[in-house]
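S.K.: Okay, handing you the structure first.
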Amino acid sequence: MNIQAQTEPSGAARTVKPPAVSHQLAAFAAGLTYDALPASTVGATKRLLLDGIGCLLHGTRGEPGQIAWQSITRLRHGSGEGPATAVIGGKRISVHDAAFVNGITLYSVGVNDIHKDSYSHPGGCVVPVILAVGEWLDAPGTDMLPAMAAGYDVMGRLGRAVGEAHWARGFHPTGTLGPFGATAAAGRLLGLDAATMNSALGIAGSQSSGLKAFQSDGSLTMIFHAGRSAQNGVEAAVLAQQGFVGPGAVIEDPQGFVAVTAGGSPLDPVTQALGQSFEVERTSFRPFYGCTLTITSSGATAEIMRRNPGRAGEVAEIEVRCHPHIIDDVGNDDPRTQLAARLSLEYNVALVVHRGDVVVADITEQDLWEPGIRNLLPLIRLTPDPTMPHWASKIRIRFKDGHEDRAEMFSPKGDPENPLSWDDIVEKFMRIVEPLGRPAEARIVADMVGDLERHRGAELVAAINAVARPRQ
């Protein structure tokens, strides 16, 4: 055989084929270190972590978290003793069950974070993993921070790749992207190498699931998606660590995630500027109640009502002008469940008019049927305007005396273009945990997250548990 004839001439330039997309993303997640994170990324990660913990603590007062906790204890024949804490129950259980219960508890609260480019809420999927695995391993804060950043990056990048096509097919991105982000976070804390992380992400692809059918009736599967994502991420990472093998090209395979769920969207967003720009800095904080598609309407309505205090009973008409996609997704003038209310544009506007300002926390069942809110719903008219940016809203309120007031919002407070500071996040955190009645303990948690480099996972979860612990 003439080997020389089958090789390139000496000195010829060789074309080196880059690693497959899945492998590049896995290698990034596995190898991300604290020292590689810019200071702005560390700051954003800490703010998102504290924000998620605040939602988790507030959620301990709600029914979805209680249902998750009761279901797990029933399935496991009692809570038992494990290495990770379900905050709502105050008991240590298995790591993946703690991630599940904490994920549902956190995501049940309608003020968690939003990654708009991916249409997902990464905190509900990634933060429970950081807490559960971080407590199990007693991981240092300098490992927890890059693990969290890696989880957000994987979710955000995959979400930007599949984009609107994914959403339009009826997938709920928190449920479909969540297992990938949760796996990246868990795998980074477990110290998986690049090949094992790639296998773990391959396993996560077969756990990727979540349908938007909940929007039709306000059912709780939306909340379930975050808990299951967190649980599946822990399982995928541990399975891979033990030698279970997943597909090596789960992202770009012709029968892989992008092709199946989005019809073969471009893959460039997955690896573009990988390790140079971080999705945690593209994530929005939700300063008040609602969903991704309602908060600009709520914010603009609040501006009007602050200029017209005490006039909710004098409202004659409310017009909401927004992109038609917003109306298609969250137009609902008669929500019958608390989750349906969160996803209702009309309800969120009426809630703000009735309260006179936006709400920092969740609503109650009593709020759902509050006559002052219900009486406003028929007065709200949604006007589709395809020229409007996807997230923006323009509000016009006409009062019975003929006076009109208008406001618009394109980038609400909390967006990367209009960010919340650390002090803003601490203020929000203290407000939403206030009903738990432990302000001193809550302040300890905030201080610990702000200086996480000096703390460890078990210590942080113990401090969180001290806030949630019922008073005797």
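Here, each number is a calculation from the coordinates, and none is a lab measurement. In this text, all values refer to a predicted model and were calculated from it rather than measured experimentally. Methodologically, a virtual Cβ is constructed for each residue, glycine included, from the backbone with ideal geometry; neighbour enumeration extends over all protein chains shown.
S.K.: What's the magnitude of the charge dipole for the range 21-282 around its Cα centre, counting Lys and Arg as +1 and Asp and Glu as -1 at the beta-carbon? Answer in Debye, nearest 20.
M.R.: 500 debye
S.K.: For the range 303-311, in order, what is each residue's ³J(HN,Hα) by Karplus, 6.51 cos²θ - 1.76 cosθ + 1.60 with θ = phi - 60°, in whole Hz (x at glycine and Pro)?
M.R.: 4, 5, 5, 5, 7, 10, x, x, 10
S.K.: Each residue of the range 252-260 in order: what ³J(HN,Hα) in whole Hz does its phi give by Karplus 6.51 cos²θ - 1.76 cosθ + 1.60, θ = phi - 60°, with x for Gly and Pro?
M.R.: After applying 6.51 cos²θ - 1.76 cosθ + 1.60, I find 9, 4, x, 10, x, 4, 5, 5, 6 Hz.
S.K.: Could you list the residues of the range 423-462 with an amide nitrogen less than 17 Å from a label point located 7 Å from the Cα of R306 in the Cα-to-C-beta direction?
M.R.: 424-425, 427-428
S.K.: Now a separate question. Within 10 Å, count the other beta carbons around each residue, average over each peptide in 229-241, 51-63, and list them highest first.
M.R.: Highest to lowest by the protection proxy: 229-241, 51-63.
S.K.: Answer rounded, prolate or oblate for the range 307-425, using the Cα gyration tensor with square roots of eigenvalues a ≥ b ≥ c: rounded when a/c is under 1.5, else prolate when a/b is larger than b/c, else oblate.
M.R.: Numbers: a/c = 1.26, a/b = 1.14, b/c = 1.11.
Cα axes put the range 307-425 in the rounded bin.
S.K.: Would you pull out the residues with amide H under 5 Å of K91's amide H, same chain only if 5 or more places away, H placed 1.01 Å from N?
M.R.: A86
S.K.: Taking the simple approach of a point 7 Å from Cα along Cα-to-Cβ for both H390 and D357, what is their distance in nm?
M.R.: So the label points at H390 and D357 sit 3.2 nm apart.
S.K.: Related question: Which value at 222 nm does the chain reach when only helices count, each DSSP H run of 4 or more adding -39,500 (n - 2.57), with the total divided by all residues and rounded to the nearest 500 deg cm²/dmol?
M.R.: Working: 21 runs with 246 residues, N = 472.
Rounded to the nearest 500, the figure is -16000 deg cm²/dmol.
S.K.: To continue, here is another question. Indicate the gyration tensor shape class of the range 21-282 (rounded, prolate or oblate), computed on the Cα atoms with a ≥ b ≥ c the square roots of the eigenvalues: a/c under 1.5 is rounded; otherwise a/b larger than b/c is prolate and the rest oblate. Working shown, then result.
M.R.: Details: a/c = 1.43, a/b = 1.22, b/c = 1.17.
It is rounded, given that a/c, with a ≥ b ≥ c, falls under 1.5.
S.K.: About the Cα centre of the range 366-450, what is the dipole size in debye to 20, counting +1 per Lys and Arg Cβ and -1 per Asp and Glu Cβ, all else neutral? List each step's numbers first, then the result.
M.R.: Working: 12 positive and 15 negative charges, 78 e Å.
Around 380 debye, computed over the range 366-450.
S.K.: Follow-up. In the range 21-282, if the dipole is taken from +1 on Lys/Arg beta carbons and -1 on Asp/Glu beta carbons about the Cα centre, which of V133, A26, A200 is farthest to the positive end?
M.R.: Comparing the listed Cα positions along the dipole, V133 ranks first.
S.K.: Mind ranking 115-123, 161-169, 23-31, 67-75 by how tightly packed they are, going by the mean number of other C-beta atoms within 10 angstrom, highest first? Write down the numbers at each step before the final one.
M.R.: Working: 115-123: 26.8, 161-169: 19.2, 23-31: 22.3, 67-75: 16.9.
Going from most to least packed, we get 115-123, 23-31, 161-169, 67-75.
S.K.: Say each of D138 and H325 gets a label point 7 Å from the Cα, pointing the same way as Cα to Cβ; how far apart are those two points in nm?
M.R.: Roughly 4.8 nm, to one decimal.
S.K.: In what sequence, highest mean first, do 35-47, 346-358 appear when ranked by Cβ atoms within 10 angstrom? Kindly include the intermediate steps, with their values, before the conclusion.
M.R.: Values: 35-47: 17.2, 346-358: 23.8.
Taking the mean over residues of other Cβ atoms within 10 Å, the ranking is 346-358, 35-47.
S.K.: Right, here's the next one. Please list, in order along the range 404-416, the HN-Hα scalar couplings obtained from phi with the Karplus expression 6.51 cos²θ - 1.76 cosθ + 1.60 (θ = phi - 60°), rounded to whole Hz, x for Gly and Pro.
M.R.: Each residue of the range 404-416 in turn: 10, 9, 9, 7, 9, 9, 10, 10, x, 4, x, 6, x Hz.
S.K.: On a 20 Å Cα-Cα criterion, which of the cross-link pairs K91/K428; K116/K212; K394/K428; K46/K91 come out too long? Write down the numbers at each step before the final one.
M.R.: Working: K91/K428 27 Å; K116/K212 16 Å; K394/K428 26 Å; K46/K91 25 Å.
As for pairs spanning more than 20 Å Cα to Cα, those are K91/K428; K394/K428; K46/K91.
S.K.: Using +1 on the beta carbon of Lys and Arg, -1 on that of Asp and Glu, and nothing else charged, what's the dipole of the chain about the Cα centre, debye to 20? Don't skip to the answer; put the middle values down first.
M.R.: Details: 41 positive and 51 negative charges, 102 e Å.
In total the dipole reaches around 500 debye.
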